[in-house]
1. Is the shape of the stretch 6-126 rounded, prolate or oblate, going by the alpha carbon gyration tensor and its root eigenvalues a ≥ b ≥ c, with a/c under 1.5 for rounded and a/b larger than b/c for prolate?
2. What distance in nm separates the simple spin-label points at Ala153 and Gln385, each placed 7 Å from Cα in the Cβ direction?
3. Can you give the FRET efficiency for Leu15 and Val203, using 1/(1 + (r/R0)^6), R0 = 22 Å, r = Cβ-Cβ distance, to the nearest 0.05?
4. Give me D for the stretch 381-446 in µm² s⁻¹, whole number, from Stokes-Einstein with Rh from the Kirkwood sum over alpha-carbon pairs, 4 °C and 1.567 mPa s.
5. Relative to the compact-globule scaling 2.2 N^0.38 Å, provide the ratio for the alpha-carbon radius of gyration of the stretch 32-253.
6. By average Cβ neighbour count within 10 Å, what is the ranking of 434-440, 193-199, 69-75 from highest down?
7. Take the alpha carbon gyration tensor of the stretch 118-209, find the square roots of its eigenvalues, order them as a ≥ b ≥ c, and report rounded if a/c is under 1.5; if not, report prolate when a/b exceeds b/c, else oblate.
8. Mind giving me the nanometre distance, one decimal, between the label points for Met89 and Glu188, set 7 Å out from Cα along Cα→Cβ?
Amino acid sequence: MAGAAPLRWLGGILLAAAALLALYITSLHSYLLFHALIELFTIVVAAGIFVIAWNARAYLQNNYLLFVGIASLFVAFIGLFHVLAYQGMGVFSGSTSNLATQLWLAARSLEAAALVLAPFFLGRRLRAGVQLAACAAVTGLLVGSIYAGVFPASFVDGVGLTPFKVGAEYVISAAFLVATGLLVWKREAFAPPVWRLVAASLVLTVAAELAFTEYVSVYGSANLAGHFLRLVASYLLYKAIIETGLVTPFGLLLRDVKLSQERLQDYATALEAANAELRVRAADLAERNEDLDAFTRTVAHDLKSPVAAMVTAARVVTSYELPRDQTRLLAERLASTASDLSDIIDNLLLLARVRREDAPREPVDMASLVAAVRHRFDGMIRECQAEIAVPDEWPRALAYGPWIEEVWANYLTNALKYGGPRPRIELGASPGADGMLRFWVRDHGPGLPPDARARLFVPFRQLRVGRGHGLGLSIVLQIVEKLGGDVGVECNPGEGTLFFFTLPAVPSGPAAAT
């Protein structure tokens, strides 16, 4: 199959060469027959273009083809008169070479004008009836002026072409070149093979017109060469419009429809993608709204109790004369409540920062972070008489130190609060799957019921088993997920609780101690 295409090309070239040779031999036998055969072929091509364009006009969006097709009908009409009036045909009495030459100029002028004007009707509305009437009027004026003797002489027997004819051929050639440039400029309106064939046809037509400026006799070699060039140009036009319009109409007649369908399909695909993105954004917005509602409830709940306690204590102190020891006790409670309030506000600020900012991931000194957290809560540890065990060495993880310190702080304070009397707390780390490290805090308290565990890490939700779980663990969830890890809890009622988080290990080799 791969070699079939070259064979077809070779066969086509040989057939074309044989046809040209046969025509040349015909010219040697009868130039009138040679001329008639070529001109009739060009007339048939022009008429065929009109038939295709006119019958496809209802759904044809490429008005270039319709404009050229309507003009081609009248070009073919004048061309037929040119063939019948050719010297020696004997159809019209008193026919001379000048008459045939004048008709030739009239046909080429109308054709060149149509090809120059046609690109300007791409994308514009074309009234086919108006153009048909206009072309008929112009054709009538041209043919009428010729037969009335008004049209300038174009050929003088025994002398050859007149200056008017030569000059007109140059003007027509220039018009065909302009039409070629306009076609190339508007080539996106055509399938590539179509506009290339039409452009090649126009270039050969220019060469033919230039050849027709050189002959002295209508049977001369320059005239012969011009007709051969004219024949090839018409054949290329046949390949571009008639064959393409009949064999692959989408390549010519319905190209704009097909392109419109493709654009609509692209638009539909893009619209579907945009709708999908909008649905994702809507879901994200709904989730954010839910988070905002939950956040509002959490803030209101966590702030209302300490503020109410502070207001009550302040009113008692200002309204009653209390003994010194009671006043001191209330003052201590005020200070403790204010400290709790400050912690809540700090947590809210940290949560907002974590949700808004990105943090660098770098190897962290986990031992130093744990030591800093223990120092922060040294008073609470002594008050609870807690026993805390930490490993001698820590694996190295990729994280952001200030945020991980807050994770340890939340886990440790929860273990101190809910680990039972004189809590025994263990901190540790172990290798995880897929290059992750697992860090954990274990207490030996009463543990958590299953329904409470399910609500621990829900963002902005306050766990109803005591203060501190909801907002603090929401912060832990945000931090660890943003650093590429995960969080969780393991416990059985009465057997203590283990809170854990995972982080990526430093990828430079085995975990090293810090």
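Bear in mind these aren't lab numbers, they're just calculated from the coordinates by the rules spelled out. Here the structure is a predicted model, which is why all the values come from computation and not from measurement. Glycine gets a Cβ as well: all are built from the backbone with ideal geometry, and neighbour counts include every protein chain shown.
1. Since a/c reaches 1.5 but b/c is at least a/b, the shape of the stretch 6-126 is classed as oblate.
2. Output for this residue pair reads 13.7 nm.
3. Taking R0 as 22 Å, the efficiency between Leu15 and Val203 is 0.45.
4. Using the Kirkwood radius from Cα pairs, D works out to 100 µm²/s.
5. Cα-based Rg divided by the globular estimate yields 0.99.
6. 69-75, 193-199, 434-440
7. In terms of gyration-tensor shape, oblate.
8. Result for the modelled spin labels: 4.5 nm.
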